[in-house]
Structure formats: C-alpha cells, structure tokens
Ligand code: PEP
Ligand code: MG
C-alpha cells in the first residue's frame, strides 16, 4: 500500500484523454511545505501568510519583522526546490483576527479585512511585500492578493509592489523581477467584473470558501446557517464557470484554492468545467489525483453543460452523482 502511494506521488495527474491537471497544496506555515512536497504537489497554491501574524504571545507579540517573514517565506520556497510557491498577502480580519486588532463591529466579514486592511496600513503591507520579494530570489514565487473587489485595489496593490521592488533595487537586494501577481476571486463582485481583473493580473485563484459565504450571504463560521452553505448552488456554479471561461479567453491561469478544490465529489465537475489547477490540503492530494487518473475529460462535457443549464438543486445533485459514477 505504501509502495503504491509512493508511485502515485511521482505520477503526474493526467486524465485518460491526456490532459494534465496541476495539483497544488495549501499551507499555513513554512514547515508545512515538506508535507506538500511529500504528497507530490507541483507547488504551493496557497500559503496563508496570516498564520505568521496570528496568535502571537509574549515576546513575539509585535508583528513579524521583515527579516522574520523573509526567513519564513524563504524556507517554504527553498523546501519546494523551484516549484512555484503562491504566497497570499495578509488576509486578516473576520474569521482570522489579529489579536491586537479586534473590534466590536457588527459584520466583520464585510469590514476592514485582507487587502482593505493592508491598503489602510501601507507600512505593514510594504514590509510583507519586501519580505516576499526577497524570498523570490530563492525559487519561484507568486504573489496572491486576497479579497479584491475594486479596480483601484488592484492598482494600489500593484503600485505598492512596484515601490517595494524599487526600494530593494536601490538597496542592491536581489529579487525575481518576473514575480507573478494574481488576485483571489472570492467576492461575487470580482467574479462579475472579470475583464477588470484579467487585464491587470497574471493569474487568478478562486477562494470558494468566501465566494460561497458572500454569494449566499451565510457566515461560513456560523453553525446555525451551516445547512445553507451549499457549494453546488447554481449561483456558485455559474460564478465558477464564468471565472474559468474568462481566464481561458484572456489566456491566464485560473486556479481554485478554496475547499471545493479538495472535494472528490466535485473533481470531475471542476475539471469538466475547464479548471486545470487545484490547490488543496496536502493530505487530500492523492485521492484527487486518483480521480483525475480515472477520468476522461472530453466524455464529461455534455453532462457538465447539462449541470450548468440546470437550476434545480435536486437535478444538479443527481447529475453530479451520475458524473461521479461514470466509468470510462
Ligand atoms: C477561500 O476563501 O476559499 C480561501 C481559500 O481563503 P480562506 O479560506 O483562507 O479565506
Ligand atoms: Mg478567503
């Protein structure tokens, strides 16, 4: 059994009809990168950098310094040995509070979080961008910006990245000039204004956890409404399809890094829709790979089209089960 898994680790995730799907891992701390590599990930699709900032106590209570962040990012990058590491900039607020920054606000998920917080605290943002850029000299780094809804947020983020590069250049500090910059698509407004995004960015990554929360207006952490958290709601499927289609048209990669990417019940649906990059917890990677190895993507086309034209939840469920049980 162990030998079989070892072999699977080195097998690329190629469908029966020869289409390669890039399987990536989500990590929270640099030391998780080893598990990503061990699971056979082609890279890190989501490094949730906020975990370096959260839950700090005692002498560590201050925010991590540029040097501390640089060492953490570099460690992950070096562990991955040239495979891409997508570092998401600070995504604090709401379900991920910074200890010194808790407010009694009514709707924290709609409040000052993620990129909104970073643009209001440019010094914190700049420090992180410098640390990420410095780590890019040691492998392949992509920068991923969370919770973007507005064009000016993309522009301001890009201009902060330029400023960080300019500073490093004038200080003679090495970084990768070609570092790619992308945005999370996790606010419905973003999925509904994709031309604004594909024009300015190198890649997109869909955060289905927040996209579902905001589209269906249900708090992802509130158990009272957990039964309404439906990842195959037709609205969600439409937004996913629109996003992958816009990426194809603009010829920029669109990944999924939210929970849907690691749900084997949805793998065939997602690759049938056109997704070619999925990022998930490392432990789920082998089973998702096995599913891809046993799938003929061209044979899924008709069923997926049908699912996207159906607005009846019961029918969607039945079609999903049929797609999953389909033998090729
Ligand atoms: C998401 O929203 O789907 C996501 C990947 O980010 P997080 O779960 O960290 O908000
Ligand atoms: Mg999110």
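The values are calculated or read from the model by the stated rules, or taken from the named source; none is laboratory data. From a predicted model like this one, the values you see are computed outputs, not experimental measurements. When we count neighbours, we look across all protein chains shown, and the Cβ atoms used for this are built from the backbone with ideal geometry, even at glycine.
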Given the criteria at pLDDT below 95 and more than 13 Å from ligand 1 (Cβ to nearest atom), does residue 222 qualify? yes
Would you point out the residue of region 246-267, among those that are under 10 Å from the mean Cα position of the chain (by Cα) and within 13 Å of ligand 1 (Cβ to nearest atom), that is surrounded by the fewest Cβ atoms within 10 Å (Cβ to Cβ)? 259
Restricting to region 1-36, give me the number of residues that are part of a helix (DSSP H, G or I) and within 30 Å of residue 92 (Cα to Cα). 7
Tally up the residues in region 37-47 that are touching a strand residue (DSSP E or B) at 6+ places or on another chain (Cβ under 9 Å) and not in a loop (DSSP other than H, G, I, E, B), please. 5
Determine whether region 30-38 contains at least one residue that is within 16 Å of ligand 1 (Cβ to nearest atom) and under 30 Å from residue 11 (Cα atoms). yes
Quickly run through region 275-303 and pick out the residues that are part of a helix (DSSP H, G or I), under 29 Å from residue 36 (Cβ atoms), touching a helix residue (DSSP H, G or I) at 6+ places or on another chain (Cβ under 6 Å) and in contact (Cβ under 8 Å) with a residue 24 or more places away in the chain. 282, 286, 288, 291, 297, 300
Among 191, 174, which is touching a residue at least 40 places away in the same chain (Cβ under 8 Å) and within 22 Å of residue 117 (Cα to Cα)? 191
Residues within region 184-214 that are in contact with a helix residue (DSSP H, G or I) (Cβ under 9 Å, 6 or more places away or on another chain), within 21 Å of residue 235 (Cα to Cα) and part of a strand (DSSP E or B), tallied: 4
Name the residues in region 26-42 that are out of contact with any helix residue (DSSP H, G or I) (no Cβ under 7 Å at 6 or more places or on another chain) and buried (at least 19 other Cβ atoms within 10 Å of the Cβ), would you? 26, 32, 42
Give all pairs with beta carbons closer than 6 Å in which a residue from region 66-92 that is farther than 25 Å from residue 278 by Cβ and in a helix (DSSP H, G or I) meets a residue that is at pLDDT below 95 and away from ligand 2 (no atom under 16 Å from the Cβ); count only pairs at least 6 apart in sequence or on separate chains. none
Taking residue 23 as the residue in question, decide whether it is within 16 Å of ligand 1 (Cβ to nearest atom) and surrounded by 15 or more Cβ atoms within 10 Å (Cβ to Cβ). yes
Restricted to region 199-217, and to residues that are crowded, with 17+ Cβ neighbours inside 10 Å and over 16 Å from the mean Cα position of the chain (by Cα), which residue is farthest from ligand 2 (Cβ to nearest atom)? 216
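Residues are listed down the side, and each one gets a yes or a no for (1) more than 21 Å from residue 71 (Cα to Cα); (2) not in a loop (DSSP other than H, G, I, E, B):
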| site | (1), (2) |
| --- | --- |
| 116 | yes, yes |
| 124 | no, yes |
| 137 | no, yes |
| 148 | yes, no |
| 155 | yes, yes |
| 158 | yes, yes |
| 162 | yes, yes |
| 177 | no, no |
| 181 | no, yes |
Whether any residue in region 245-252 is part of a loop (DSSP other than H, G, I, E, B), under 24 Å from residue 303 (Cα atoms) and touching a helix residue (DSSP H, G or I) at 6+ places or on another chain (Cβ under 9 Å) is what I want to check. no
Applying the selection to region 129-159, what residues are surrounded by fewer than 20 Cβ atoms within 10 Å (Cβ to Cβ), in contact with a helix residue (DSSP H, G or I) (Cβ under 9 Å, 6 or more places away or on another chain) and either at pLDDT below 95 or more than 17 Å from residue 194 (Cβ to Cβ) (or both)? 137, 140, 156
